[in-house]
Amino acid sequence: GLPKPGEKMRARYVSGLYPLAEVGPLLRKQGAQVGLDQAEVWVAISDGGAGLEDFLRENFPRVEAVILDFYHAAEYLAKLANALHPSDETAALEQTKAWSRVLRDEGGDVMISVLESWEWPSARGLGAVRSEVLGYFRNQVHRMDYPTYESNGWYIGSGAVESACKTVVGQRMKGSGMRWSEAGAHAVCHVRALYRSEQSQWDAFWQRSLAV
């Protein structure tokens with residue numbers, strides 16, 4: 001379940017140079033250990049990468065919704081706002097905030113209607129950005145029902161995962177002057193995943209029996 005207010009989120013990480021197909025069993029194993037099968041509702045958050053929705057539904061078939069990370073969608077709105085106001089940073093920021101509120105409060109369908117009905121100026125390059133953003137939203141709209149998601153108490157952002165990428169991998173492996181072989185990076189990723197996971201994971205690893 002989700003942590004209560006003020007309660008620290010318990011976390012387990014899987015890290016390494018894995019093909020996507022190999023990650024599913026590893027994640028399912030971790031999920032089973034923390035009671036995933038007993039959960040009443042399964043929800044997934046994706047950054048919209050190609051093939052990820054199929055991957056999630058194949059490996060976690062009880063998922064009720066695959067949610068597009070709200071902040072990835074908002075980045076597209078920011079790109080469009082900057083194209084609309086290329087020389088006015090303040091106006092672009094205010095427009096991004098206004099559109100983001102619509103997206104969060106009303107969802108993807110309404111946001112698409114707003115962008116389609118907007119009276120767009122004939123600024124150079126704006127049409128191409130508008131087409132790109134509308135195409136992205138139309139492709140992702142089935143994962144953008146943010147009002148419903150939030151009313152259900154579900155997270156709509158992948159901030160915890162984005163942060164983990166930095167703390168689990170980035171802080172250890174992207175130091176100044178560091179160079180890694182694939183084998184070395186893969187091994188260190190394993191250790192970092194254990195080290196940054198909840199304490200029981202680290203302790204269990206070192207206390208395990210190596211008897212054959």
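The values are calculated or read from the model by the stated rules, or taken from the named source; none is laboratory data. Keep in mind that what you see is a predicted model, and the values were worked out from it rather than measured. Because the Cβ atoms are built from the backbone with ideal geometry, glycine has one as well, and the counts that use them run over all protein chains shown. Side chains are part of the model used for accessible areas, which takes the heavy atoms of the whole protein and leaves out ligands, DNA and RNA. Shrake-Rupley method; radii C 1.70, N 1.55, O 1.52, S 1.80 Å.
For residue 26 and residue 50, what does the FRET efficiency come to when R0 = 22 Å and r is the distance between their Cβ atoms, rounded to the nearest 0.05? In this case the efficiency is close to 0.60. For region 52-130, the spread of Cα coordinates along the three principal axes comes to 47, 24, 22 Å, biggest extent given first.
From the Kirkwood radius over Cα pairs of region 114-212, Stokes-Einstein at 4 °C and 1.567 mPa s returns a whole-number translational diffusion coefficient of 70 µm²/s.
Protein heavy-atom accessible surface, 1.4 Å probe, per residue over region 52-146: 55 Å². Across region 61-66, coupling constants 3J(HN,Hα) worked out from phi with the 6.51/-1.76/1.60 Karplus curve, θ = phi - 60°, read x, 8, 4, 7, 8, 9 Hz, and Gly and Pro carry x.
For residue 15, no residue whose modelled amide H falls within less than 5 Å of its own remains once neighbours fewer than 5 places apart on the same chain are excluded. Here the relative contact order of region 81-192, from alpha carbon pairs under 8 Å that lie six or more residues apart, stands at 22 percent. Spread over its residues, the convex hull of the C-alpha atoms of the chain is 186 Å³ per residue.
Comparing region 101-151 with the 2.2 N^0.38 Å rule of thumb, its C-alpha radius of gyration ratio is 1.23 (two decimals).
For region 25-102, GluC sites (Glu not before Pro) meeting the loop criterion (DSSP other than H, G, I, E, B) and having at most 10 other Cβ atoms within 10 Å: 40.
Taking only protein heavy atoms and a 1.4 Å probe, the accessible area of region 113-190 is 53% carbon and sulfur.
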